[in-house]
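Working notes, structure below.
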Amino acid sequence: MLETRGLYAGYKELHILFDVDFKAERNKITAVVGPNGSGKSTLLKSIFGFTTIYDGQVVLEDRDITKLPPHEKTRLGIAYLPQTDNVFTELTVRENLVIAGYILDESEYQDRLELALSVFPELRDKMDRKAGMLSGGERQFLGIATALIRKAKVLMLDEPTAMLSPKFASQIFERIVNLRDELKLTIVLVEQNVIKALEISDNAFMLISGKVAFSGTARELLEHEKFERFVVGYTL
Ligand SMILES: Nc1ncnc2c1ncn2[C@@H]1O[C@H](COP(=O)(O)OP(=O)(O)OP(=O)(O)O)[C@@H](O)[C@H]1O
């Protein structure tokens, strides 16, 4: 389980998150929803080590990892895929995958590559294409594939369907479900597409102005009597 306990974080003197208790259970999809600017991305960045943490803890399987730098968190199996810039656009698909596996020996790399390509078979015939020439959806596939090569156990996805057509967005949602069910990954999903995200998620957190306004199951949030107001007006 990945958790934050009483987390206060932000950017230097700009405080964004206040007393956030967050939990991503193993082998579950946890949605993080909330209005623009409520701190969803900041939560992911704080877990990964890209913000200033004023107080509180980031905990992975009961180990305090608050102060570990991002590369150490990667080694522990946490992957953070930002909304953009999650692949090297000037490099080919193959080169992106090779770089992700640079610490693996050849046979381990081949095994991980096969696994990643079995989840995202559409990358197979695009191996020599520059990542920058892929469609937005394919680029997301590649980003997640590189995380699989790095042996990620926890995937933190920041708006993976942003700017995608509805067709590609539903493909991404389907693959996220596969990653949970077939590879048993733990997934944290920040999404603007709230209803779709909640439909595939097990648990949900809503942030408003940097504070947890709701935590429970995704179904509880979807069926909440104030859900319309949550989503439309984001008021409690
Ligand atoms: N690198 C940064 N430096 C300073 N302030 C930042 C930085 N990144 C984000 N912020 C500020 O932190 C606040 C929360 O932003 P954040 O991106 O976490 O919100 P969000 O809920 O993910 O929003 P959105 O849904 O629009 O992506 C915003 O006021 C934003 O301007």
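Scanning region 73-95 for residues that are part of a loop (DSSP other than H, G, I, E, B), within 16 Å of the ligand (Cβ to nearest atom) and in contact (Cβ under 8 Å) with a residue 12 or more places away in the chain yields Pro82, Gln83, Asn86.
Does Ser107 satisfy the condition of being over 24 Å from Asn178 (Cα atoms) and among the polar types (S, T, N, Q)? Here the answer is yes, as Ser107 does meet what is asked.
Asn96: more than 29 Å from Gly6 (Cβ to Cβ), modelled with pLDDT of 95 or more, polar (S, T, N, Q) and under 21 Å from the mean Cα position of the chain (by Cα), yes or no? Yes.
In this entry, Tyr54 is excluded by the filter for residues that are among the aromatic types (Phe, Trp, Tyr) and buried (at least 18 other Cβ atoms within 10 Å of the Cβ).
Residues that are free of Cβ contacts under 8 Å to residues at least 60 places away in the same chain, in contact with an Asp or Glu (Cβ under 9 Å, 6 or more places away or on another chain) and crowded, with 16+ Cβ neighbours inside 10 Å within region 96-126 comprise Gly101, Leu104, Phe120, Leu123, Lys126, listed in sequence order.
Can you say whether Pro70 is within 16 Å of the ligand (Cβ to nearest atom), surrounded by fewer than 19 Cβ atoms within 10 Å (Cβ to Cβ) and within 23 Å of Leu198 (Cα to Cα), as far as the supplied structure shows? Spelling it out, it is not the case that Pro70 is within 16 Å of the ligand (Cβ to nearest atom), surrounded by fewer than 19 Cβ atoms within 10 Å (Cβ to Cβ) and within 23 Å of Leu198 (Cα to Cα). The number of residues in region 18-50 being near the ligand (Cβ under 8 Å from one of its atoms), closer than 16 Å to Lys211 by Cβ and at pLDDT 95 or above comes to 5. Just to be sure, is Leu14 surrounded by 14 or more Cβ atoms within 10 Å (Cβ to Cβ) and within 16 Å of the ligand (Cβ to nearest atom)? Judged against the criteria, Leu14 is not a match. For region 169-180, the condition holds for no residue, the condition being that it is on the phi > 0 side of the Ramachandran plot and either away from the ligand (no atom under 16 Å from the Cβ) or at pLDDT 95 or above (or both). From the list Lys184, Lys196, Lys211, Lys153, the one residue that fits, being basic (Lys, Arg), away from the ligand (no atom under 14 Å from the Cβ) and in contact with a Phe, Trp or Tyr (Cβ under 9 Å, 6 or more places away or on another chain), is Lys196.
Could you say which residue among Leu60, Leu2, Leu7 is in contact (Cβ under 8 Å) with a residue 40 or more places away in the chain, within 14 Å of the ligand (Cβ to nearest atom), buried (at least 17 other Cβ atoms within 10 Å of the Cβ) and of a type in the set (A, V, I, L, M, F, W, C)?
Going through Leu60, Leu2, Leu7 in turn, the sole match is Leu7.
The values are calculated or read from the model by the stated rules, or taken from the named source; none is laboratory data. Please read all numbers here as calculations on a predicted model, not as lab measurements. Note that each Cβ is placed from the backbone with ideal geometry, even for glycine, and that neighbours are counted across all protein chains shown.
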